[in-house]
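Participant: Dropping the structure in here first, questions after.
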Amino acid sequence: MSRIEEELATLVAPEMAGARTNSWPDPLGLSLGLLSVAVGQACVLAYHWAYLRFGNPTAVQKEGPQRYDFWEGVRTHLAQLEGFVLLGSYLTGTWMFRLMPASYYSLDGRVNPLHVAAQLLVMDALQTVAHYAEHKLSPEIYKSSHKPHHRFLNPRLFDAFNGSIADTVCMILLPLYVTANVVHCNVWSYMAFGTIYSSWLTLIHAEYSHPWDPLFRRIGFGTAGDHHVHHKVFIKNYGHLFMYWDKLMGTYKSPLDVDKFCKDI
């Protein structure tokens with residue numbers, strides 16, 4: 001392309017011309033985001049280890065948690081293809097191929113709490129709809145997507161991302177991409193959202209109640225007990241981070257109302 005043609009292209013479609021001269025975005029934001037999620041997971045695992053070793057945790061279910069080796073659990077958690085490998089591939093692909101809104105590539109500013117909250121709410125609402133659809137659309141869809149995750153009737157923290165590729169695509173990746181196009185924020189708010197989201201999704205699969213769960217339950221935030229209800233009875237508590245959607249749909253059931261669950265959670 002001649003210089004004149006390049007200048008004309010810039011006048012007609014400057015964003016396309018920019019894409020030609022800068023074919024790949026700066027990977028700094030992506031790298032920091034992946035690092036942030038990794039640090040968040042490391043903190044979750046360190047907390048879980050310390051809580052099991054030094055705390056006095058209360059099991060969610062009366063039958064008690066399954067027995068397992070902690071480090072086996074860590075290896076299983078980190079090695080899930082449908083978990084971190086697929087999520088990492090999604091984050092890398094959408095970033096490097098410029099599939100995200102332009103605001104996400106900005107390193108200007110700082111974390112905006114409102115943007116983070118909006119992402120968490122929108123993501124969880126969309127994930128709840130996708131989750132409900134997987135259960136209700138047809139037995140075939142359920143069997144090929146979400147059923148593998150439901151083999152855990154009494155899940156442990158390390159089962160959070162143990163399911164199927166189809167389940168991750170339908171219930172996490174698609175809602176993530178829609179959320180990114182609904183809430184336009186900078187990369188710092190995106191990092192904060194991703195770190196909180198992945199950590200919270202892991203924590204609600206824990207076999208024990210967390211110290212903050214009674215407070216979370218009062219304000220409608222998702223808890224380990226709330227999510228254990230879904231794993232135990234299947235047709236309640238489709239939300240993950242928030243129970244607002246289930247309360248609106250009439251599908252919420254408190255873990256305190258389940259006979260097989262401990263009452264001091």
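Participant: Given the -39500 (n - 2.57) contribution per DSSP H run of 4+ residues, what per-residue ellipticity at 222 nm results for the chain, rounded to the nearest 500 deg cm²/dmol? Don't skip to the end; give the middle numbers.
Facilitator: Values: 13 runs with 148 residues, N = 265.
Estimated from H runs of four or more residues: -17000 deg cm²/dmol.
Participant: Could you pull out every residue, at least 5 positions away or on a different chain, whose amide H is within less than 5 Å of the one on GLN61? Hs are placed 1.01 Å off N in the peptide plane, and Pro or chain starts have none.
Facilitator: Correct list: CYS262.
Participant: Here's a follow-up. Helix 3-12: angle to the longest alpha-carbon principal axis of the chain, degrees 0 to 90, nearest 10?
Facilitator: 50 degrees
Participant: Applying the Karplus parametrisation 6.51 cos²θ - 1.76 cosθ + 1.60 with θ = phi - 60° to the phi angles of the range 71-77, what ³J(HN,Hα) value in whole Hz is obtained for each residue in order, glycine and proline being reported as x?
Facilitator: 6, 5, x, 4, 4, 5, 4
Participant: With the crude spin-label approximation of a point 7 Å out along Cα→Cβ, what separation in nm comes out for VAL74 versus THR58?
Facilitator: 2.9 nm
Participant: Next question. With axes computed from alpha carbons, what is the tilt in degrees of helix 187-203 against the longest principal axis of the chain, rounded to the nearest 10 within 0 to 90?
Facilitator: 20 degrees
Participant: Are any of the pairs LYS147/LYS247; LYS143/LYS260; LYS136/LYS236; LYS143/LYS263; LYS62/LYS236 more than 21 Å apart by Cα-Cα distance, and if so, which? Working shown, then result.
Facilitator: On the way: LYS147/LYS247 24 Å; LYS143/LYS260 26 Å; LYS136/LYS236 12 Å; LYS143/LYS263 32 Å; LYS62/LYS236 19 Å.
From LYS147/LYS247; LYS143/LYS260; LYS136/LYS236; LYS143/LYS263; LYS62/LYS236, over 21 Å: LYS147/LYS247; LYS143/LYS260; LYS143/LYS263.
Participant: OK, next. Looking at the square roots a ≥ b ≥ c of the eigenvalues of the Cα gyration tensor of the range 142-218, which shape do they give, rounded for a/c under 1.5, prolate if a/b is larger than b/c, or oblate? Intermediate results must be reported in sequence, preceding the final value.
Facilitator: Numbers: a/c = 2.51, a/b = 1.15, b/c = 2.18.
Oblate is the answer for the range 142-218, as a/c is 1.5 or above yet b/c matches or exceeds a/b.
Participant: Which residue, VAL60, VAL116, VAL74, has the most motion in a Gaussian network model of the chain that connects Cα atoms within less than 10 Å?
Facilitator: VAL74
Participant: Shifting gears a bit: For the chain, what is the per residue volume of the convex hull drawn over the alpha-carbon atoms, in cubic angstrom? Please report the intermediate quantities before stating the final value.
Facilitator: Values: hull volume 40.0 nm³, N = 265.
Per-residue hull volume (Cα only) is 151 Å³.
Participant: Shape of the range 126-265 from its Cα gyration tensor (a ≥ b ≥ c, root eigenvalues): rounded if a/c is under 1.5, otherwise prolate when a/b > b/c, or oblate?
Facilitator: Values: a/c = 1.60, a/b = 1.16, b/c = 1.38.
It comes out oblate by the Cα gyration axes.
Participant: Against the longest alpha carbon principal axis of the chain, how many degrees, from 0 to 90 and to the nearest 10, is the axis of helix 113-136 turned?
Facilitator: Tilt relative to the chain: about 60 degrees.
Participant: State which stretch of the chain is the longest one without any exposed trypsin sites (Lys or Arg not before Pro), exposure meaning a DSSP loop state and at most 12 other Cβ atoms within 10 Å.
Facilitator: Numbers: sites that count: LYS62, ARG67, ARG110, LYS263.
The segment 111-262 is the longest one with no such site.
Participant: Let me ask you something else. From the phi of every residue in the range 252-262, what ³J(HN,Hα) in whole Hz does the Karplus formula 6.51 cos²θ - 1.76 cosθ + 1.60 yield, where θ is phi - 60° and glycine or proline is x?
Facilitator: With the stated coefficients, the range 252-262 comes to 7, 9, 6, x, 6, 9, 9, 4, 7, 9, 5 Hz.
Participant: Please label the shape of the range 70-139 as rounded, prolate or oblate, based on the square roots a ≥ b ≥ c of the eigenvalues of the alpha-carbon gyration tensor (a/c under 1.5 means rounded; beyond that, a/b larger than b/c means prolate, else oblate).
Facilitator: oblate
Values in this text are rule-based calculations from the coordinates and carry no lab data. None of these values were measured; they are calculated from a predicted model. Reconstructed Cβ throughout: ideal geometry from the backbone, glycine too, with neighbour counts over all protein chains shown.
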